[in-house]
Ligand code: PEP
Ligand code: MG
């Protein structure tokens, strides 16, 4: 529960148009003048602190300053307010549009370009007038709930978790990377609300219910009271499960389940141990790259990996190589815009295109392997030849390090993420190339179902319970068993309580998840029977729709788990609504 803080990541299009009565005109003009003065002051400060490498671009700031003082602009806005009796946002919008129209007729390219500057100044004024001036996440000083059209993974690296009580976005899905990062930061989030950033304004009082995917704007006293009570109950429950998080995850009939943590940032390592992780099943190394202003060098990467490995020692740490592209883009990498980024130069494809970046990371990982137990995981492998190309580079790096007498673990295990249907189809051949498979269910669902995992319009079709997903996972499990290769899962399905009977039923006993979900998953495992799960899976495997699977899973869980645990599962942020049409 908290106050909304509007961050503008998209063009400001929506604002109130209203007519003012005479008594409010002077005040509205002052509001506009204050906003313009505020921006000028910001521009002055920015000029003083501009980094040396950007000094050549200082003219952009000067241009904006000039526009703000220019009487064609400044006076025109004031006239619009005074004569038209309209609000300041409307007056800015009208003035900007008028100037832009007249610039469009100009032949000269340079002058025509200035139309962009005018548009940017207009946007900035609208943001200040609407109460979210800077749009920077670094500057947030109070505890707030962030409301934004969109947040990029790069934005998320700027968030200070102790200042942000919650996150609400218009776009995105439950497995989009910003949502995964919010989970890691333990920040409640509701994503994909489509119009939240148009409806909610800075200062609104909000209740954000991450479990239900619900946001209540300016609730009444009774609702606040009800949610406060729920919050207390939730916190008490958290304490209880947390207290048991170190107990092993063993089913009622004695099957041990290995529970690892997914990490995005080094700071999560301590919490992962605290929540009872037996190691790291997935270290998403790209977030370190996204949080850096420039490409990290080998020593910096090595220090980062060494710290994680040492803090987890003697437990294993599975370091996944760089998975950029798609919705994870670092400005300095100069990645060209692609029509379908998720189907484009992502993850291993990017690394094979940029072998120097890849080699640098591999060297850093290998150096860190000398300090504990490291495994290497390659993302988005789609074919045997691609894997051979990866291994080729890997062996070159190993040989180079040998020549330079740099020590590293010679028996390090190599594995691949199974997240593309072609990898499932070729699993028997891929099993000969590596030591282990890890299911990336987030992408495997995305690519099997052709459902963009960050697109809110198709989010309702993103279904781990779809029979096609059960079948593809079943095929993979069978091939892995026949090939004698170790199989684990590190996608969001692993930490979703509702998916647990399916994973156990499939015979998957190595799970890696966001640390926060570990205690509840362990608790459910302790109340579950492995052999019953296998029997249960035979029943759902016959289903033809995700709706049928959903009903059976719900019935099964209600039968085997206590009512208290069921209630907690439905309040747990990791429980997806798998219901289906
Ligand atoms: C996955 O795709 O399931 C996965 C774990 O990788 P990421 O979410 O980082 O794409
Ligand atoms: Mg993935």
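Read the figures in this text as sums done on the coordinates, not as results from a lab. Computed from a predicted model, the values in this text were never measured in an experiment. Here the Cβ positions follow ideal geometry from the backbone for every residue, glycine too, while neighbour counts run over all protein chains shown.
In terms of surrounding Cβ atoms within a 10 Å radius of their Cβ, 374, 390, 232 rank from fewest to most as 232, 390, 374.
Considering helices alone, the calculated mean residue ellipticity of the chain at 222 nm is -15000 deg cm²/dmol, with DSSP H runs of length four and up weighted by -39500 (n - 2.57) and normalised per residue.
Spacing of the modelled spin labels on residue 160 and residue 402, each 7 Å from Cα toward Cβ, amounts to 5.0 nm.
As an exercise, use a Förster radius of 41 Å and the Cβ-Cβ distance of residue 256 and residue 198 to find the FRET efficiency, rounded to the nearest 0.05.
Numbers: r = 50 Å, r/R0 = 1.22.
So the FRET efficiency works out to roughly 0.25.
Ranked from highest to lowest mean number of other Cβ atoms within 10 Å per residue, what is the order of the peptides 333-342, 483-492?
Values: 333-342: 11.4, 483-492: 21.0.
Ranking, from highest mean packing down: 483-492, 333-342.
Length gained on full extension, residue 239 to residue 395: 51.4 nm, using 0.36 nm per residue less the C-alpha separation.
Taking other C-beta atoms within 10 Å as the exposure proxy, 394, 332 rank 332, 394 from fewest upward.
Based on the Cβ-Cβ distance from residue 538 to residue 383, what FRET efficiency comes out when R0 is 35 Å, to the nearest 0.05? Kindly include the intermediate steps, with their values, before the conclusion.
Numbers: r = 33 Å, r/R0 = 0.93.
FRET efficiency, residue 538 to residue 383: 0.60.
Based on Cα contacts under 8 Å between residues 6+ apart, the stretch 283-378 shows a relative contact order of 43 percent.
With each label modelled as a point 7 angstrom along the Cα→C-beta vector, the residue 564-residue 65 pair spans 6.5 nm.
Looking at the chain, what % of its DSSP beta bridges pair antiparallel, to the nearest 5? Don't jump to the answer; show the numbers that get you there.
Values: 9 of 49 bridges.
Antiparallel bridges: around 20 percent, rounded to the nearest 5.
Gyration tensor over the Cα atoms of the chain: the corresponding equivalent ellipsoid has semi-axes (square roots of 5 times the eigenvalues, largest first) of 46, 31, 21 Å.
How high is the FRET efficiency between residue 551 and residue 18 when r is their beta carbon distance and R₀ equals 41 Å, given to the nearest 0.05? All intermediate terms of the calculation are to be shown ahead of the outcome.
Details: r = 50 Å, r/R0 = 1.22.
Approximately 0.25, to the nearest 0.05.
Considering only alpha-carbon pairs that sit under 8 angstrom and 6 or more positions apart, the relative contact order computed for the chain is 13 percent.
For the stretch 241-580, averaging the sequence separation of C-alpha pairs within contact (under 8 Å, six or more residues apart) and dividing by the residue count gives a relative contact order of 19 percent.
Can you put 373, 90, 38 in order of Cβ neighbours within 10 angstrom, beginning with the fewest? Display every interim value, and only then the final one.
Numbers: 373 18, 90 21, 38 15.
The order, fewest Cβ neighbours first, is 38, 373, 90.
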